[in-house]
Every structure is written in structure tokens, then in C-alpha cells.
Amino acid sequence: MGVTTVEEGGKADLCLINTCSVTDVADHKCRQAIHRMVRRHPGAFVVVTGCYAQLQPARVAGIEGVDLVLGSNEKASLIQFLSDAWVAKTAGEAMHRHFTVKTKDIKTFAPSCSRGNRTRYFLKVQDGCDYFCTYCTIPYARGFSRSATIASLVEQVRQAAAEGGKEVVLTGVNIGDFGKNTGEGFVDLVRALDQVEPICRFRISSLEPDLISDELIACCAGSRAFMPHFHIPLQSGSDEVLRLMHRRYDTALFARKIEAIKQYMPDAFIGVDVIVGMRGETERHFEETYQFLQSLDVTQLHVFPYSERPGTAALRIDGVVSDAEKRERSARLLRLSDEKTRAFYQRHIGQKAEVLFEKASKGRAMHGFTRNYVRVELPTALADASYDNQIVHVTLGGFNRDFTSLMAESIA
């Protein structure tokens with residue numbers, strides 16, 4: 001439409017801010033980002049959308065300099081809302097500044113397949129969530145589960161391939177629920193995308209454990225392009241806390257899913273989300289979580305301190321955990337995560353691997369990832385700009401200085 005991105009330091013006519021609201025920290029960062037945009041671009045037309053805009057539209061609209069606030073249902077029609085509001089502002093007419101609907105009325109699905117500055121593409125296959133876990137506001141911010149059709153997603157992936165894309169990450173709020181509104185299933189999507197041969201790699205961003213079927217695991221293991229890489233939210237290793245959270249599984253089911261993945265794909269990278277300090281989580285509950293995670297053959301823990309969210313059922317649970325205790329519990333799990341990740345990496349030293357390299361940012365070494373998501377760094381002596389977005393066969397050496405990557409020892 002003739003809109004171009006302003007270079008760093010330039011002044012914009014239009015600022016679009018897409019917000020998050022998964023924690024109170026996210027809300028705070030969003031407000032900071034809005035104030036920063038308004039200061040840096042005086043006189044610009046400022047539009048705020050996303051989850052924070054959906055949950056707190058009046059508060060966002062009240063921030064000085066914000067012209068238009070669009071909720072989750074409206075952001076798909078951004079251009080029309082923007083056009084109407086811009087004309088009204090230019091004409092000096094009064095205009096309504098925020099547009100949102102109730103959760104039950106959030107029904108639009110806005111397609112998205114974008115690369116940004118990265119090598120890999122991110123394909124949105126699903127939006128919304130029907131789960132209503134007690135600690136979470138996401139269903140209120142994003143509405144109920146809905147998906148694109150398999151045919152439309154295949155077409156978007158073909159376009160990404162035509163642009164030179166080699167890796168696509170499937171994203172969504174609860175992608176295991178894919179197809180509820182279309183009559184299709186997530187396994188069907190995996191099979192269809194696997195046929196788009198110009199794409200060499202697919203990764204699945206996050207899957208609820210109760211939605212990972214044995215059929216899906218076997219399908220990924222036998223596929224051409226789906227990588228041995230899973231991200232699975234556990235949230236707590238205590239069955240009592242899982243019940244407080246209204247999660248739809250127990251630790252026994254979770255352990256079975258990990259075992260099944262490792263049976264089919266012994267070298268699979270498995271990341272696990274954990275929330276610490278949930279209301280009602282005692283020292284005993286946390287110790288159960290620690291011991292459970294220690295026993296699992298997983299690779300990395302993504303640890304989040306519990307955050308109070310207005311309007312959630314968790315606020316009715318007794319037993320508030322102090323911030324200091326949350327920090328201590330987080331630190332213990334992060335140390336455990338480092339141990340597991342380094343042990344996983346250690347097993348790969350000396351092996352040959354296929355690495356999809358990414359263009360190095362200024363002052364940083366070129367790096368990429370193996371099929372099972374081991375981060376690999378290229379030493380200066382082996383670096384070559386032509387490796388960007390290329391799969392290169394390497395021999396894996398030891399760790400880099402900060403133990404965040406293995407070094408490529410040689411190019412095969």
C-alpha cells in the first residue's frame with residue numbers, strides 16, 4: 001500500500017504496536033513500549049493492538065498519544081479501522097478510540113506467515129484456547145480455538161518456499177486443537193505440510209501433553225521434514241498443583257508422552273515449560289516438581305514465576321508464594337535446566353550433523369541449529385557468508401566459551 005519502514009533514528013507517520021499480556025511484566029513492558037514510541041515519533045498516528053489491548057482497551061486508549069486501540073477480533077481489519085480513523089483525525093472529527101468485542105465474539109482468524117530478520121518462517125496455524133487454566137488470561141484475550149484450513153496453510157508454505165525459505169515453525173496458542181472449526185486434525189496438517197518438498201524442516205512450537213497422540217509422534221518420527229524437536233508445557237510436576245491449575249493431565253501421562261517420544265526419536269530435543277510459585281504451591285509441591293523433572297529425559301526447562309492476572313480463578317486459591325521464594329525456586333530449576341542441556345549437547349560432540357545456518361548479526365559469530373535443535377557456532381576460520389540459509393554438514397566439536405553452543409570443528 002506504499003507504506004515503508006522507517007530506518008532507525010527516523011520519524012514515522014504511523015506506529016503499530018502489537019502487545020502481549022501473558023504476565024504483569026508483559027503489561028508493564030507494553031506500556032513502556034507505547035510511551036517510548038510516542039516520545040520518539042511525535043505527531044505520529046499510534047495504533048495499539050494485541051492481547052493487552054483486548055484486555056485493557058480503555059486503559060490503553062487513555063495513554064497520551066494513542067489514537068486507536070484494536071482488540072483481537074478487530075486487528076484482522078486493521079487497514080479499514082486505520083483508514084476510517086486517519087480520515088476522521090485529519091478532518092478534525094471526533095472518533096471512537098477503542099474497538100473490542102467480548103471473548104465469545106472473537107471469531108476471526110488472521111493468517112500470518114512471516115520471516116522478519118530470521119532464516120526460519122513462522123506459520124500461524126491456530127489461534128485462541130478453550131482450556132481456561134486458572135492462572136491464565138489468554139482465552140479472554142484471544143477467544144476460543146479456531147484454525148485456518150489445511151489447504152490455505154499449504155499454500156502459504158509454498159509461498160515461503162518460493163521466497164527461499166527452508167524451515168517453517170508452526171505456531172499458535174494451542175495448536176494441538178487445530179481443526180476444531182474446520183473438521184480437520186493436526187496429524188492431517190503434519191502429513192500435508194510434509195509433502196511441500198522445497199521446505200527442508202518443520203518444527204512444532206508447543207503442544208499440550210494431552211493432545212500429543214501416539215499417532216502424531218509416529219507420524220513426526222517417520223516424516224520427511226518434521227524435526228525431532230518438541231516443546232511441551234508441564235507447568236507443575238505436582239498432581240495437586242496441576243489440579244489447582246485445571247490442567248487436563250497428570251504427571252503419569254506427561255511421563256508417558258516423554259517416553260513415547262524418546263522411543264521413536266532417542267535424540268529428540270524436548271523443551272518443557274514450568275510455572276513456579278503458583279498460589280497453593282507449597283515447598284513439598286515444588287520438591288515434587290523438581291524431583292519429577294530431574295527424572296525425565298528432557299533437554300531444557302523454560303521457567304516462569306507465577307504472575308497474578310486480574311480476573312483469573314487462581315486469585316481465589318489460598319497460599320500466596322513470596323517473590324523471594326519464587327526467585328529461589330526459579331533459580332533451582334534453571335540450574336537443573338543447564339545441567340540437562342549441557343549433558344544433551346555433550347552427547348553430540350564428535351558427531352556429524354546437518355546445520356541450517358543463519359546470517360550473523362553484527363559482531364556475533366555465525367550460528368545455526370541441527371535437526372534436533374543443538375545450537376552450533378562457526379569459528380571465524382570456517383565462517384562463510386554463503387552459508388546463510390544453507391544446510392551445511394559439519395563435525396561437532398566442544399562447547400563455546402559460554403556453553404551456549406557447540407563449535408563446528410570442521411565442514412564435512
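The values are calculated or read from the model by the stated rules, or taken from the named source; none is laboratory data. The structure displayed is predicted, hence computed values, not measured ones. Don't worry about glycine lacking a Cβ; one is built from the backbone with ideal geometry, like all the others, and counts go over all protein chains shown. In case anyone asks, the SASA skips ligands and DNA or RNA and just uses the protein heavy atoms, side chains included. Shrake-Rupley method; radii C 1.70, N 1.55, O 1.52, S 1.80 Å.
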**Asked** Around ILE270, which amide H atoms from residues at least 5 apart in sequence, or from another chain, sit under 5 Å from its own amide H, with H modelled in the peptide plane?
**Response** PHE230, THR299, GLN300
**Message:** Could you derive backbone 3J(HN,Hα) for region 316-328 from the dihedral phi with the Karplus parameters 6.51, -1.76 and 1.60 (θ = phi - 60°), listing whole Hz in sequence and x where the residue is Gly or Pro?
**Reply:** 8, 8, 7, x, 6, 9, 5, 4, 4, 5, 4, 4, 5
**Request:** Please report how far the C-alpha centroid of region 42-101 lies from that of region 105-136, rounded to the nearest whole angstrom.
**Result:** 21
**Asked** Taking a 1.4 Å probe, which of CYS113, CYS51 shows the most accessible area, and what order do the others take after it?
**Response** CYS113, CYS51
**Request:** For ASP194, ASP323, ASP130, write out the residues from largest to smallest accessible area, computed with a 1.4 angstrom probe and no ligands counted.
**Result:** ASP323, ASP130, ASP194
**Request:** Take the alpha-carbon centre of region 332-390, take the same for region 296-320, and report the distance between them in whole Å.
**Result:** 31
**Message:** If I stretch the segment between ASN18 and GLU215 completely, what's the gain in nm (0.36 nm per residue apart, minus their alpha carbon distance), one decimal?
**Reply:** 67.3 nm
**Prompt:** Counting DSSP beta bridges in the chain, what percent are antiparallel, to the nearest 5?
**Reply:** 35
**Request:** Could you size up the charge dipole of the chain around its Cα centre, putting +1 on the beta carbon of Lys and Arg and -1 on that of Asp and Glu, and report it in debye to the nearest 20?
**Result:** 600
**Request:** Would you mind working out the accessible area per residue for the chain, using a 1.4 Å probe, and quoting it in Å²?
**Result:** 48
**Fill in**
Calc'd 3J(HN,Hα), region 363-379, phi into Karplus 6.51 cos²θ - 1.76 cosθ + 1.60 (θ = phi - 60°), Hz, glycine/Pro = x, comes to x, 10, 6, 5, 9, x, 10, 6, 4, 9, 6, 7, 6, 10, 10, 9, x
**Request:** Name the residues whose placed amide hydrogens come within less than 5 Å of the amide hydrogen of ASN181, ignoring near sequence neighbours (fewer than 5 apart) on the same chain.
**Result:** SER147
**Message:** Let me cross-check ASP297: its accessible surface, 1.4 Å probe, with only protein heavy atoms counted, in Å² to the nearest 10?
**Reply:** 80
**Item:** HIS96 versus ARG224: modelled label distance in nm, points set 7 Å from Cα along the beta carbon direction
**Value:** 4.9
**Fill in**
Magnitude of the Cβ-charge dipole (Lys and Arg +1, Asp and Glu -1) of region 97-186 about the Cα centre, nearest 20 debye, reported as 280
**Complete:** Summing +1 per Lys or Arg and -1 per Asp or Glu among the other residues with Cβ less than 13 Å from ASP127's Cβ gives +4
**Message:** Please return the longest range in the chain lying between exposed loop sites, taking GluC sites (Glu not before Pro), DSSP loop only, at most 11 other beta-carbon atoms within 10 Å, and leaving the sites out.
**Reply:** 164-412
**Fill in**
In the neighbourhood of THR90 defined by beta carbon distances under 15 Å, the net charge of the other residues (Lys, Arg +1; Asp, Glu -1) is -3
**Karplus 3J(HN,Hα) series, Hz, for region 76-84 with 6.51 cos²θ - 1.76 cosθ + 1.60 (x for Gly, Pro)** = 5, 9, 3, 4, 5, 4, 4, 4, 5
**Request:** Name the most mobile residue of ASP13, ASP402, ASP388, meaning the one with the largest mean-square fluctuation, in a Gaussian network model of the chain with Cα contacts below 10 Å.
**Result:** ASP402
**Fill in**
Between TYR373 and residues 5 or more places away or on another chain, the pairs with built amide H atoms under 5 Å apart involve none
**Message:** Once neighbouring chains are kept in place and the probe is 1.4 Å, which whole percent of the accessible area of the chain is contributed by carbon and sulfur?
**Reply:** 50
**Prompt:** Given region 238-334, what whole percent of its Cα pairs are spread farther than 19 Å?
**Reply:** 44
**Restraint check, LYS29/LYS362; LYS180/LYS340; LYS29/LYS326, Cα-Cα greater than 31 Å** = LYS180/LYS340
